[in-house]
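A.B. asks: I have a structure I would like to understand better, so I am pasting it below and will then ask my questions one at a time.
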Amino acid sequence: MAAPAAPVSENAVFPAADIAKLLAPPEREEPAAKLRRLLHAHRDAGTALVTCGAYDAYTAAIMTRLGFPALYGSGWQLAATKSMYPDIGVYQSHQMVQLVHELWLGIEGARHTTWYDSEGATLLDVPPMFVDMEAGFGGPTQTFTLATELVRARAAGVHLENQDPANRTCGHIVNVGKQKRDKVLVPRKDWLAKLKAIRAASDAMGVDLVIIARTDSVDGALPGQPSGGVQMAVEDAWEAAELGCDVIWPEFNNVDLEQPQAFAEGVRKYYPNQMLGFNLSPSLYWGKAKQAGTLITNAQLAALGYTLQFSTLFNFRTAGLALEKGLRKFREVGLDALADLQIEEDAQPQVPITKMHQKFAGMNRWLILEQVLSGK
């Protein structure tokens, strides 16, 4: 005799259709494939993919909602915003893996809240992330390991520089008093070995990771050797191009077009389709160049082959300026400052993304979830 069927309570059934509305449909295109597709489209059109660095879920969510085509995970911003360290390679290697996960939470959160609030009318694109691997935090073994973890965390691309991990510093030369020192480079073969390690990790993970080879040779030197220069950086680029690196990024330390043009012409003489990267760093004096009428343009750089253009610290500097201004006022006048903030928000031609802060974080979605699961 068959056992009687267990009683089914209607309370055990949840409204699946209502729950489904809470989550945006996942994007099916693999992140690395998407980033490479976007880069190739810009290269073929003679334009540039332009973006900047996100440093937490908050900045990633705002950039996703604004439609940025890609996000950059900057090591400088990670060091400063998470640990208040300078950019000297002292944070733990896998903190970048954690940052990629945090950026993904921001991307997903923005997509889910927008999907829910628009009743399914607006599905935001996923901006693929390319991130900083510094100098690999060691040799090829450490580089391979970090690359596999970044792939697992959904990074679409990574960049690796030719500085010595034991002596690395920010790409914009350390000042010691009034003296500048060269960045300490590793022999080219050591840099190439670590780039190969990234490719090996990518292949092992079954993902065609976008590889960005960064050279600091314009303002760097091997220990005991003369300072490098543009030609040394060009020769680095030839080797990286021969390895099949997707993008080659030279670090420059001025706002003139002369060095970027010389580098691009040197590389593309033999590798005419090679994509180049350019750091629109706020460490450089773009404001003074604009005031002088000599500011170069994104289009000029794109015409030279700088397909990937990004500002490492634009979010950091923008947020810092706004926060300092607001906090100084709040410290001085208290509630009046909050009232003025709300008046300023109301006066904007478009409603600021973060004005409705509860909605920004998706609180209305979670309240609905609570209701449908409790049967209210």
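A.B. asks: Every residue in region 187-222 that is in contact with a helix residue (DSSP H, G or I) (Cβ under 7 Å, 6 or more places away or on another chain), open to solvent by less than 30 Å² (accessible area, probe 1.4 Å) and assigned to a helix (DSSP H, G or I), please.
C.D. replies: Selection gives LEU192, LYS194, LEU195, ALA197, ILE198, ALA201, SER202, SER217, VAL218.
A.B. asks: So PHE360 passes all but one of these: (1) out of contact with any Phe, Trp or Tyr (no Cβ under 8 Å at 6 or more places or on another chain); (2) open to solvent by 80 Å² or more (accessible area, probe 1.4 Å). Which condition number does it fail?
C.D. replies: The number of the failed condition is (2).
A.B. asks: Just to check your reading of the model, which residue among GLN350, GLN342, GLN309 is of a type in the set (S, T, N, Q) and more than 27 Å from the chain's Cα centre (by Cα)?
C.D. replies: Details: GLN350 fails: more than 27 Å from the chain's Cα centre (by Cα); GLN309 fails: more than 27 Å from the chain's Cα centre (by Cα).
Answer to the selection: GLN342.
A.B. asks: Need the failing condition index for VAL351 against (1) open to solvent by less than 100 Å² (accessible area, probe 1.4 Å); (2) modelled with pLDDT under 95, just the number.
C.D. replies: Unmet condition: (1).
A.B. asks: VAL184: in a strand (DSSP E or B), out of contact with any Pro (no Cβ under 7 Å at 6 or more places or on another chain) and β-branched (Val, Ile, Thr), yes or no? Even if it seems obvious, please write down each step before you answer.
C.D. replies: Numbers: in a strand (DSSP E or B): yes; out of contact with any Pro (no Cβ under 7 Å at 6 or more places or on another chain): no; β-branched (Val, Ile, Thr): yes.
So VAL184 fails the test.
A.B. asks: Now a separate question. Determine, yes or no, whether ARG365 is surrounded by 12 or more Cβ atoms within 10 Å (Cβ to Cβ), charged (D, E, K, R) and either modelled with pLDDT of 90 or more or assigned to a helix (DSSP H, G or I) (or both). Let's see the steps before the verdict.
C.D. replies: Numbers: surrounded by 12 or more Cβ atoms within 10 Å (Cβ to Cβ): yes; charged (D, E, K, R): yes; either modelled with pLDDT of 90 or more or assigned to a helix (DSSP H, G or I) (or both): yes.
Judged against the criteria, ARG365 is a match.
A.B. asks: Quick one: what pairs do we get from region 61-80, first residue farther than 18 Å from ASP132 by Cα, second open to solvent by less than 40 Å² (accessible area, probe 1.4 Å) and part of a helix (DSSP H, G or I), C-beta under 6 Å, 6+ apart or different chains?
C.D. replies: If the second residue must be open to solvent by less than 40 Å² (accessible area, probe 1.4 Å) and part of a helix (DSSP H, G or I), the pairs left are ALA61/GLY106; ALA61/GLY109; ALA61/ALA110; THR64/ILE107; THR64/ALA110; ARG65/ALA110.
A.B. asks: Hey, another quick one. State whether one or more residues within region 123-145 are free of Cβ contacts under 8 Å to residues at least 12 places away in the same chain and not in a helix (DSSP H, G or I).
C.D. replies: Checking region 123-145: not a single residue is free of Cβ contacts under 8 Å to residues at least 12 places away in the same chain and not in a helix (DSSP H, G or I).
A.B. asks: If you check ALA32 against the conditions, is it within 14 Å of the chain's Cα centre (by Cα) and at pLDDT 95 or above?
C.D. replies: Details: within 14 Å of the chain's Cα centre (by Cα): yes; at pLDDT 95 or above: yes.
When the stated conditions are applied, ALA32 passes them.
A.B. asks: I've got another one for you. If you take the residues of region 69-123 that are open to solvent by 30 Å² or more (accessible area, probe 1.4 Å) and among the charged types (D, E, K, R), which of them is nearest to the chain's Cα centre (by Cα)?
C.D. replies: Top of the filtered list is GLU102.
A.B. asks: Read through the list (1) at pLDDT 95 or above; (2) among the acidic types (Asp, Glu); (3) within 14 Å of GLU251 (Cα to Cα), then give the number of the only condition that ASP219 fails.
C.D. replies: That leaves (1) as the condition not met.
So that you can scan it fast, the table gives a plain yes or no per residue for (1) open to solvent by less than 20 Å² (accessible area, probe 1.4 Å); (2) at pLDDT 95 or above; (3) among the charged types (D, E, K, R):
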| residue | (1), (2), (3) |
| --- | --- |
| ALA264 | yes, yes, no |
| ARG268 | no, yes, yes |
| PRO272 | no, yes, no |
| PHE278 | yes, yes, no |
| SER281 | yes, no, no |
| ALA299 | no, yes, no |
| ALA302 | yes, yes, no |
| TYR306 | yes, yes, no |
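A.B. asks: Right, something else. Output the residues belonging to region 10-61 that are among the basic types (Lys, Arg) and either under 30 Å from LEU373 (Cβ atoms) or open to solvent by less than 40 Å² (accessible area, probe 1.4 Å) (or both).
C.D. replies: Quick first cut of region 10-61, residues among the basic types (Lys, Arg) only: 21, 28, 34, 36-37, 43.
Selection gives LYS21, ARG28, LYS34, ARG36.
A.B. asks: Right, next: Under 6 Å between Cβ atoms, which residue pairs at least 6 apart in sequence (or on different chains) link something in region 24-39 that is assigned to a helix (DSSP H, G or I) with a partner that is open to solvent by 40 Å² or more (accessible area, probe 1.4 Å)?
C.D. replies: That search, which allows pairs on different chains as well, returns PRO31/ARG154; ALA32/ASP208; LEU38/PRO69.
A.B. asks: Another question, if that's okay. Tally up the residues in region 223-237 that are open to solvent by 20 Å² or more (accessible area, probe 1.4 Å) and touching a helix residue (DSSP H, G or I) at 6+ places or on another chain (Cβ under 6 Å), please.
C.D. replies: If we filter region 223-237 for residues that are open to solvent by 20 Å² or more (accessible area, probe 1.4 Å), which is where we start, we get 223-228, 230-232, 235.
Restricting the remaining residues to those that are touching a helix residue (DSSP H, G or I) at 6+ places or on another chain (Cβ under 6 Å) gives 228, 230, 232.
Qualifying residue count for the region: 3.
A.B. asks: May I ask you to say which residue of VAL90, VAL100, VAL50 is among the hydrophobic types (A, V, I, L, M, F, W, C) and part of a loop (DSSP other than H, G, I, E, B)?
C.D. replies: Working: VAL100 fails: part of a loop (DSSP other than H, G, I, E, B); VAL50 fails: part of a loop (DSSP other than H, G, I, E, B).
Exactly one of VAL90, VAL100, VAL50 is among the hydrophobic types (A, V, I, L, M, F, W, C) and part of a loop (DSSP other than H, G, I, E, B), namely VAL90.
The values are calculated or read from the model by the stated rules, or taken from the named source; none is laboratory data. Given the structure is predicted, the values throughout are model-derived calculations rather than measurements. Because the Cβ atoms are built from the backbone with ideal geometry, glycine has one as well, and the counts that use them run over all protein chains shown. For accessibility, only protein heavy atoms count, side chains too; no ligands or nucleic acids. Shrake-Rupley method; radii C 1.70, N 1.55, O 1.52, S 1.80 Å.
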